[in-house]
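Structure, as structure tokens:
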Amino acid sequence: MNQINRRRFLSAAAGAAGATLAVPSVLLGQGKRSPIDKMHIACVGLGAMGYTTLENCVGTKNLGSPTIQFADNVVALCDVDWRRAAVPFKRFPRARTFKDYRRMFDQVKDIDAVIVATPDHTHAVITAEAMRRGKHVYTQMPLAHDVREARRLAEIAGETGVSTQMGNPRHSSPVIRKTRAWINAGAVGTVREVHCFTMRPTWPQGMPAALPPQPVPATLAWDLWLGPAPERVYNPGYHPFNWRGWRDFGTGALGAMGCHVMDAPFWILGLHRYDRFRVEAESSGLTEQAWPESSHVRYVFPASGETPELSVHWYDGGRRPPVPEGFPPNRGLDSNGSIFIGDEGTLVCGDVVNVNDPDDDIPMLLRESGGFTPPRKVDRLPGSWEHDFLGNHEHLWLEACKKGEQPSACFEYSAGLTEMVLLGNVALQAGEPVEWDRKSGKVVNPAQANRFVGREYRKGWEI
């Protein structure tokens, strides 16, 4: 309630003093209306994830191919490449269209909430601008391009009080919900190791040099696409898809999938509570230009009191963890997933996201003996991000926007997850283990690795 009162104060102050700060026009939802009802949404970045997120917001189904029932709620669309944006532009004909998100914010005054689904290197600058203008924000994962940006976005979210969500829908799915309930109920005893893995990258990594210049398509505003990144010539090997493997633009397979897969151990095991931990990394194919072809990263969380040391492993680029003992021989590991190893058993958390079927993708429990009965019912818990939410990830965000609350993957939570994940990239670039101090936001050893914690911005693009 204090958050809502603060917004009412800001709204009154803006009206009286002509302030430039915009305040969301929708604060509270009433009755049983759809989460999208009466919300005015804008979307920046209309590629695959942006368009899908937008449809999930304005559709009436949970996931899949939603019915566009509330298309008129989409008031503005922004993309630097209008050829790729043509389908969304046609789908939402009443929305005003832009190439520059700053002009969109200047000219469309009735935006309540913004989806940010651009390449990783522009997540933070757009998200920060939206929050400072009083807009609720849903930003695709990873939340930011580097650790410093993730921490700054959490600060701005706290300062502005808007409702935020990172686009990791698995956080609101049955599989992570059940995994959390089972581990909390003692399914594997005390967890000592977690192994997280992905089939990515499915895009090039390990490139040794920048690409040669090619003509910029007439539909593309290349300088706007670069945003805060260093200037370089256009090549289709950067845009529209393969930017993920380039260090200036993407965060590699680790950044792209880590906030999806490592969300389970981060949330379930409460890894946000560790003020210090160590990150070790090895890889093949890391270059000055590109992220590695494959990597294995190990996050080591120290023992404390009765809690033993915990190791969280990450594998990508064809590297895979050992198949757990007792795993069915006729079944392979999913494309992405987590394996929790405790002193009483092992639990495999798969990749399926299906909010329509709470019984889908039950975690696989491997124990030498019985003695554990999975909870028959997992209740939906109310409250803050520390609790459990189930449903359409986008609709949970919209509901939170209307109530002046924070949803399950708000920036307070997601910035910490993103920070942990991207510290793996810091260790990869440092070429040696790094010791991280969360309170100071610095690598304490080796100190020279702090140059990889943040980056320099092109002039005019600072956060």
Please give the charge dipole size of the range 100-222, origin at the Cα centre, charges +1 on K and R Cβ atoms and -1 on D and E Cβ atoms. Round to the nearest 20 debye. 400 debye
Volume per residue, Å³, of the convex hull around the alpha-carbon atoms of the range 220-342? 156 Å³
Which whole-Hz ³J(HN,Hα) couplings does the range 36-45 yield from phi under the Karplus relation 6.51 cos²θ - 1.76 cosθ + 1.60, θ = phi - 60°, glycine and proline marked x? 7, 3, 6, 8, 9, 10, 10, 10, 10, x
Show which aspartates and glutamates lie in cross-link reach of Lys403 when reach means a straight Cα distance below 20 angstrom and same-chain residues fewer than eight apart are skipped. Asp37, Asp110, Asp112, Glu159, Glu386, Asp388, Glu394, Glu412
Could you give the length gained by full extension between Glu412 and Asp72, i.e. 0.36 nm per residue of separation minus their alpha carbon distance, to one decimal place? 119.3 nm
q = 0.23, 0.24 Å⁻¹, the range 98-192: log10 I(q)/I(0) [Debye, one scatterer per Cα]: -1.11, -1.17
How many percent of the alpha carbon pairs in the range 120-172 exceed a separation of 13 Å? 53 percent
So, by mean Cβ neighbours within 10 angstrom, what's the order for 270-282, 392-404, 332-344, 150-162 with the highest one leading? 392-404, 150-162, 332-344, 270-282
Would you tally the net charge around Pro308, using a Cβ to Cβ cut-off of less than 12 Å, leaving Pro308 out, and scoring K and R as +1, D and E as -1? -3
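Values in this text are rule-based calculations from the coordinates and carry no lab data. Source: prediction; values computed, not measured. Neighbour counts run over all protein chains shown; Cβ positions are idealised from the backbone, glycine included.
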